[in-house]
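Worksheet for the structure shown next.
The values are calculated or read from the model by the stated rules, or taken from the named source; none is laboratory data. Just so it is clear, the structure is predicted and the values come from calculations on it, not from any experiment. Backbone-built Cβ (ideal geometry, glycine too); neighbour counts: all protein chains shown. What goes into the accessible areas is simple: the full protein's heavy atoms, side chains included, and nothing from ligands, DNA or RNA. Shrake-Rupley method; radii C 1.70, N 1.55, O 1.52, S 1.80 Å.
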Amino acid sequence: MAWDILAAMGILSLLKDARRRRILERRPIDDELWDWAIREHKIFRWLGSGAAGGSGDRGLLRELSTLFLAEKTFDPVGGVEIDDELRVSVAAQACLPLLGLGLEWYSDWSTIIVTPKEYDVRKRDTDEAGVVHEYDDEFAGEAFDLGPVALSAVDIEASGWGDGYNVVIHEMAHKLDGRDGAYDGCPPLHRGMDYGAWRSAFTAAYEDLRSRLDRPAPRRPRSSRRGPRLDPYAAESPDEFFAVCCEYFYERPALLRSEYPDVFAQLALFFRRDPTED
């Protein structure tokens with residue numbers, strides 16, 4: 001029985017690989033559109049040179065983005081219009097963390113909900129004294145458990161400029177984090193990586209950031225932030241700290257490496273890339 005299951009899984013895998021090859025051959029992203037996406041977003045510049053990536057990674061990113069667009073559904077709400085530039089922009093930024101991971105890391109969800117702008121969410125928290133607080137919060141994006149990803153079109157446009165803010169990578173980081181069923185700031189690590197070293201690096205950095213802030217601050221786009229420090233929203237929780245660090249890893253890698261070198265080193269091991277290398 002076990003052999004039959006393994007054989008069936010092998011056949012399904014072969015069929016999926018064949019289907020993906022056909023997609024890459026017949027439905028590639030338009031050359032002009034792809035060149036626009038790479039040129040428009042500063043976070044892709046490191047792909048063009050050096051040992052960190054080079055032209056090989058740029059080609060791999062295009063393949064991953066092509067398959068991403070074929071396998072994910074974009075669902076507009078609130079009257080927002082989704083054009084090819086937005087779709088390719090999302091796909092390329094979403095697949096950047098997958099260069100060393102593979103598309104299967106996004107296999108447990110299929111839909112991207114696109115809203116016109118930030119949207120209100122009613123939140124309910126319990127403090128250390130057991131008192132329940134309810135309040136409205138504005139979300140630029142959201143990764144639902146075992147479900148879709150929501151992204152604001154305004155914040156998609158504000159992402160990829162190399163300033164530390166990237167709602168696409170942020171929400172994809174939550175999806176990576178939750179692959180093991182727990183949104184705790186620690187995704188399933190590769191064989192050979194040390195969970196103790198990961199926890200030590202991220203816990204120390206998270207506590208350091210919290211100690212330097214009076215309290216966690218609301219999420220803010222690039223135009224309304226000042227200063228070189230990590231986005232204060234990272235102090236909200238360990239899973240948000242991980243997601244923000246993933247943003248900085250690709251948006252401002254030198255800053256993250258300077259602020260929290262041990263965190264940067266762990267992310268470089270996990271993503272199997274170093275955006276600071278030339």
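Residues in the range 94-113 that are outside any loop (DSSP other than H, G, I, E, B) and not small (Gly, Ala, Ser): CYS95, LEU96, PRO97, LEU98, LEU103, GLU104, TRP105, TYR106, THR111, ILE112, ILE113. The residue pairs whose first member lies in the range 100-116 and is on the phi > 0 side of the Ramachandran plot, whose second member is of a type outside the set (Lys, Arg) and not in a loop (DSSP other than H, G, I, E, B), and whose beta carbons are closer than 9 Å, counting only pairs six or more residues apart or on different chains, are GLY102/LEU64. For the range 144-187, a tally of residues being within 17 Å of VAL88 (Cβ to Cβ) and in a loop (DSSP other than H, G, I, E, B) returns 5.
Look at (1) more than 23 Å from GLY192 (Cβ to Cβ); (2) free of Cβ contacts under 8 Å to residues at least 40 places away in the same chain; (3) open to solvent by 30 Å² or more (accessible area, probe 1.4 Å) and you find that ARG257 fails only one, number (1).
Yes/no per residue for (1) out of contact with any Pro (no Cβ under 8 Å at 6 or more places or on another chain); (2) modelled with pLDDT under 95; (3) closer than 26 Å to PHE264 by Cβ; (4) assigned to a helix (DSSP H, G or I):
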site: PHE44; (1), (2), (3), (4): yes, no, yes, yes
site: LEU61; (1), (2), (3), (4): yes, no, yes, yes
site: GLY78; (1), (2), (3), (4): no, yes, no, no
site: VAL88; (1), (2), (3), (4): yes, no, no, yes
site: ALA92; (1), (2), (3), (4): yes, no, yes, yes
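Pairs are defined by a Cβ separation below 8 Å, a sequence spacing of at least 6 or placement on different chains, a first member in the range 197-220 that is under 14 Å from GLU236 (Cβ atoms) and loosely packed, with under 13 Cβ neighbours inside 10 Å, and a second member that is modelled with pLDDT of 90 or more and not hydrophobic (A, V, I, L, M, F, W, C); the pairs so defined are PRO218/TYR233.
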